[in-house]
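Encoded as structure tokens, the structure appears first; notes follow it.
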Amino acid sequence: MTPLVLLPGMMCDARLFQPQIAALSGSRPLMTFPLVTQDSVQEMAAEILSNAPSVFALAGLSMGGIVAMEVVRQAPGRVERLALLDTNPLAEKPEVKARRGPQMKAVQEGQLRQVMRDEMKPNYLADGPHRGAILDLCMAMAVDLGPDVFLRQSRALMDRPGQTETLAVYTGPSLVMCGREDGLCPVERHQLMHDLLPYSTLQIIEEAGHLPTLEQPNDTTAALIRWLEAP
């Protein structure tokens, strides 16, 4: 059984995939790599490759998807299949990069909670009955990871390479998935990735925003199982 490697988004840890880990842990080996020790996407990918199995399935959400694409760029033969969730294959836009400087300065001054609350978390989720609890979990993950991780991840995202050429030549079975209401990484960005990947399926999760793993866990897990079991 091919191991599954999960890569969480910015300021998230394995708790981002709690429902999927619970559903899949009895059927295949699972590994989650927190993206916490390096300050470039290239170094994050290299660290994952130095610790991952020789061949594996790879799923990443948001920043995790960005790093997953770099893993594929560095070692496509080791990634048997690829799932990209609520993510972005393009380099950072100048206007987004410009916002990171003030965010990083605020975090350096002890305002991690405020930055997460005011500038990042409102963009995460669709409206729904569990929105408050999921936002609380997002804050808990961010606080547990701390300001140094925020700064390293911000630098990595600012300087990341575009990966459209990587996707165009990757031939493993691929899943491109996002929440219908994702305001950070919209549906059209996922259509682009689907168009680039030669053997991909596009899955839009209804009534979900940027974190469908938590907002609509059953639908997300079902899509991942179909991808994992595809020939």
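Residues whose amide H falls under 5 Å from that of Met10, counting only those 5 or more places apart or on a different chain, are Met63, Gly64, with hydrogens built in the peptide plane.
Using C-alpha pairs under 8 Å with a sequence gap of at least 6, the mean separation divided by the residue count of region 174-225 gives a relative contact order of 41 percent. Got a number for the accessible area of His130? Probe 1.4 Å, square angstrom, nearest 10. Surface open to solvent at His130 totals about 120 Å². Ratio of Rg to Rh for the chain: 0.93 [Cα atoms; Kirkwood radius as inverse mean 1/r over pairs]. Taking the accessible area of the chain, probe 1.4 Å, and keeping the other protein chains in place, the carbon and sulfur fraction comes to 51%. Our coupling estimate for region 6-21, obtained by passing each phi through the Karplus curve with A = 6.51, B = -1.76, C = 1.60 and θ = phi - 60°, is 10, 10, x, x, 4, 6, 10, 10, 4, 4, 4, 10, 3, x, 6, 4 Hz, Gly and Pro reported as x. When the alpha carbon coordinates of region 123-180 are projected onto the principal axes, the ranges are 40, 31, 18 Å, largest first. With contacts taken as Cα pairs under 8 Å at a separation of at least 6 residues, region 52-150 carries a relative contact order of 22 percent. Binning the C-alpha pair distances of region 15-58 at 5 Å intervals from 0 yields a P(r) profile of 5, 18, 27, 20, 19, 9, 2 %, listed from the shortest bin outward. Rounded to whole numbers, the Karplus 3J(HN,Hα) couplings from phi for region 42-54 are 5, 6, 4, 5, 5, 5, 4, 5, 6, 10, 7, x, 5 Hz, using 6.51 cos²θ - 1.76 cosθ + 1.60 with θ = phi - 60°, and x at Gly and Pro.
Loop-located chymotrypsin sites (Phe, Trp or Tyr not before Pro) in region 165-231 (DSSP state not H, G, I, E or B) with no more than 13 neighbouring Cβ atoms inside 10 Å: Tyr199.
3J(HN,Hα) couplings calculated from phi for region 80-93 with the Karplus curve 6.51 cos²θ - 1.76 cosθ + 1.60 (θ = phi - 60°) are, in sequence order, 5, 8, 9, 10, 10, 10, 6, 9, 8, x, 9, 5, 5, 5 Hz; Gly and Pro show x.
Please label the shape of region 65-129 as rounded, prolate or oblate, based on the square roots a ≥ b ≥ c of the eigenvalues of the alpha-carbon gyration tensor (a/c under 1.5 means rounded; beyond that, a/b larger than b/c means prolate, else oblate). Here region 65-129 falls in the prolate category.
Based on the Kirkwood approach, the hydrodynamic radius assigned to region 104-231 is 16.4 Å, with every pair of different Cα atoms included. I need the shape label for region 165-216. Rule: rounded when a/c is under 1.5, else prolate if a/b > b/c, else oblate, with a, b, c from the alpha carbon gyration tensor. The shape class here is prolate.
Residues whose amide H falls under 5 Å from that of Ile205, counting only those 5 or more places apart or on a different chain, are Cys178, Gly179, Arg180, with hydrogens built in the peptide plane.
Quick one, can you get me the convex hull of the C-alpha atoms of region 27-154 expressed as volume per residue in Å³?
Details: hull volume 16.8 nm³, N = 128.
For region 27-154, the hull spanned by Cα atoms encloses 131 Å³ per residue.
For the chain, set up a Gaussian network in which alpha carbons nearer than 10 Å are linked by springs, and say which option among Asn51, Asn88, Asn218 fluctuates the most. Evaluated over the chain, the most mobile residue of the options is Asn51. Quote the relative contact order of the chain in percent (integer), defining contacts as alpha-carbon pairs under 8 Å separated by 6+ residues. Across the chain, relative contact order equals 24 percent. Amide H to amide H distances under 5 Å link Thr87 with Ser62, where only residues 5 or more positions off or on other chains count and H is placed in the peptide plane. Pro186 sits among other residues whose Cβ lies under 12 Å from its own Cβ, and their net charge, with Lys and Arg +1 and Asp and Glu -1, is -2. On a per residue basis, region 46-172 carries 43 Å² of accessible surface, using protein heavy atoms and a 1.4 Å probe. Taking other residues whose beta carbon is less than 15 angstrom from the beta carbon of Ala156, and scoring Lys, Arg as +1 and Asp, Glu as -1, yields -1. Per-residue ellipticity at 222 nm from helix content only, as computed over the chain with -39500 (n - 2.57) for each DSSP H run of at least four residues, stands at -13500 deg cm²/dmol.
The values are calculated or read from the model by the stated rules, or taken from the named source; none is laboratory data. No experiment lies behind these values; they were computed from the predicted model shown. Here Cβ is always computed from backbone atoms with ideal geometry, including for glycine, and neighbour counts include all displayed protein chains. When the accessible area is computed, the model is the full protein with side chains, heavy atoms only, and any ligands, DNA or RNA have been set aside. Shrake-Rupley method; radii C 1.70, N 1.55, O 1.52, S 1.80 Å.
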